[in-house]
Amino acid sequence: MSKTILVFAESRDGALRRVALEALGAARRLAGEDGAVHAVLACSGGAAEEAAALLARGADVVHVADDPALRAYAPEAYAAALGAAMA
């Protein structure tokens, strides 16, 4: 049975948080060869480099949530970004 694992990745000031890359590596190992790893990238402006980095580190799909509301921690904005990726 194949698995799909969703990883939350946050970008602050144009850089991915280290914990996102660590979680991505763990998700890739857990998913195995037949599973998929999706990453939700929460950022507030310009995500092309970060999305490319996530793909290079093992994500099969990157869902980008680029919204000024994500500049500061806002639970509602983060929940909306995750909800959209799971729909």
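The values are calculated or read from the model by the stated rules, or taken from the named source; none is laboratory data. Source: prediction; values computed, not measured. Please note: Cβ atoms are built from the backbone with ideal geometry, for glycine as well, and neighbour counts cover all protein chains shown. Remember, those area values only see protein heavy atoms, side chains included, never the ligands or the DNA or RNA. Shrake-Rupley method; radii C 1.70, N 1.55, O 1.52, S 1.80 Å.
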Mind jotting down the distance between the C-alpha centroids of the range 46-87 and the range 1-45, whole Å? 10
When every protein chain stays in place and a 1.4 Å probe is rolled, GLU49, GLU33, GLU22, GLU10 sorted by accessible area with the largest first are GLU33, GLU49, GLU22, GLU10
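Which helices pass in the chain if a helix is a full DSSP H run, must span at least 18 angstrom along its long axis by Cα, and must have mean Kyte-Doolittle hydropathy not below 1.6?
Numbers: long enough: 18-31 (20 Å, 0.51).
Helix filter hits for the chain: none.
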Rg to Rh, two decimals, where the range 10-63 supplies the alpha carbon set and Rh follows Kirkwood: 0.97
Rounded to 0.05, the calculated FRET efficiency for the beta carbons of LEU30 and ARG71 at R₀ = 30 Å is 0.45
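How large a share of the accessible area of the chain, in percent, is made up of carbon and sulfur atoms when the probe is 1.4 Å and the other protein chains stay in place? Walk me through the numbers on the way to the answer.
Working: 2930 of 5180 Å².
Summing carbon and sulfur atoms, their accessible area is 57 percent of the total for the chain.
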